[in-house]
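**Student:** Take this structure, written in structure tokens, and hold onto it; I'll ask about it next.
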Amino acid sequence: MARRRSRWTASRILLLVGIALAADAGGSARGQKANSASQAPATKSPEAMIEARGERQLRQLRFSGWRKLCFQPSEAMICRTSITGVTETGQEMLRVDLIEGAAGKGGRLQIFVPPMLFLEAGVRVSLGQRDAVSIPFAWCFSNTCVAARAVDAVFIRRMKAGREMILKVVDSRISTVMTSVPLNQFASVNQEAPSMMFGRSLESPSSPDK
């Protein structure tokens with residue numbers, strides 16, 4: 001009888017030890033999973049995902065010269081210095097406007113690009129080795145989207161001193177598309193008299209009705 005009890009007690013002790021070891025192994029496995037989850041790399045940001053998709057250059061654009069138009073609906077004059085980029089077939093694909101009021105007080109940069117882009121990325125603008133400036137899209141029509149933001153006098157001085165303006169957008173495939181806008185004539189055109197002047201009625205002074 002004593003032998004049976006001792007055998008039963010030994011079996012029970014072995015069973016309890018086995019349960020304890022199994023529980024400890026399960027806890028260790030869960031701990032390892034938790035540690036591996038905490039050490040997993042963080043989700044990439046949208047910017048990093050865009051950069052990872054690659055970058056290509058838009059080469060087939062031909063740029064017009066810079067042109068300055070001014071409007072004087074009241075005593076204050078508003079001037080727009082613009083350049084356009086067209087394809088080989090003559091279709092306008094890009095337009096950059098700098099709109100200014102009083103000289104030396106900054107202005108508004110507007111960039112017209114085709115629709116069907118990744119609008120959340122906006123347009124990134126860089127002048128030389130300077131850090132890129134992000135310009136959000138303000139509105140879209142059926143044939144164009146417009147990115148716009150205010151720029152200060154320092155930015156305009158950098159445009160006048162620069163050789164090119166690098167524009168980057170993101171297409172529908174989440175790939176970066178880059179093109180460069182020449183700035184070599186911008187300063188002289190921006191500082192000289194406008195090629196056309198409009199009055200209160202938005203008609204050119206040279207029109208027959210004047």
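The values are calculated or read from the model by the stated rules, or taken from the named source; none is laboratory data. The structure displayed is predicted, hence computed values, not measured ones. All Cβ positions, even for glycine, are placed from backbone atoms using ideal geometry, and neighbour counts span all protein chains on display. Note: accessible area is taken over every heavy atom of the protein model, side chains too, but ligands, DNA and RNA are not part of it. Shrake-Rupley method; radii C 1.70, N 1.55, O 1.52, S 1.80 Å.
**Student:** Find the residue count for segment 80-105, including only residues that are within 14 Å of Pro194 (Cβ to Cβ), open to solvent by less than 30 Å² (accessible area, probe 1.4 Å) and not charged (D, E, K, R).
**Tutor:** 3
Conditions tested, residue by residue: (1) touching a residue at least 60 places away in the same chain (Cβ under 8 Å); (2) in contact with a helix residue (DSSP H, G or I) (Cβ under 7 Å, 6 or more places away or on another chain); (3) among the hydroxyl-bearing types (Ser, Thr, Tyr).
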| position | (1), (2), (3) |
| --- | --- |
| Thr89 | no, no, yes |
| Met116 | no, no, no |
| Asp152 | no, no, no |
| Met159 | yes, yes, no |
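**Student:** Name the one entry in Met165, Met196 that is hydrophobic (A, V, I, L, M, F, W, C), loosely packed, with under 15 Cβ neighbours inside 10 Å and either more than 26 Å from the chain's Cα centre (by Cα) or at pLDDT 90 or above (or both).
**Tutor:** Met196
**Student:** Name every residue in segment 106-135 that is touching an Asp or Glu at 6+ places or on another chain (Cβ under 9 Å) and surrounded by 12 or more Cβ atoms within 10 Å (Cβ to Cβ), in order of residue number.
**Tutor:** Gly106, Gly107, Arg108, Leu109, Gln110, Ile111, Phe112, Leu117, Phe118, Ala121, Leu127, Gly128
**Student:** Something else about it: Against the conditions (1) out of contact with any strand residue (DSSP E or B) (no Cβ under 6 Å at 6 or more places or on another chain); (2) more than 27 Å from Cys70 (Cβ to Cβ), where does Gln185 fall short? Just the number, please.
**Tutor:** Among (1) out of contact with any strand residue (DSSP E or B) (no Cβ under 6 Å at 6 or more places or on another chain); (2) more than 27 Å from Cys70 (Cβ to Cβ), Gln185 violates only (2).
**Student:** Let me confirm something: among Arg59, Arg95, which residue is among the basic types (Lys, Arg), at pLDDT 90 or above and within 24 Å of Asp171 (Cα to Cα)?
**Tutor:** Arg95
**Student:** Right, something else. Quick check on segment 168-193: of everything there that is charged (D, E, K, R) and open to solvent by 70 Å² or more (accessible area, probe 1.4 Å), which residue is farthest from Gly107 (Cα to Cα)?
**Tutor:** Arg173
**Student:** If I ask for residues that are open to solvent by 40 Å² or more (accessible area, probe 1.4 Å) and in contact with a Cys (Cβ under 8 Å, 6 or more places away or on another chain), which ones from segment 138-153 would you list?
**Tutor:** Trp139
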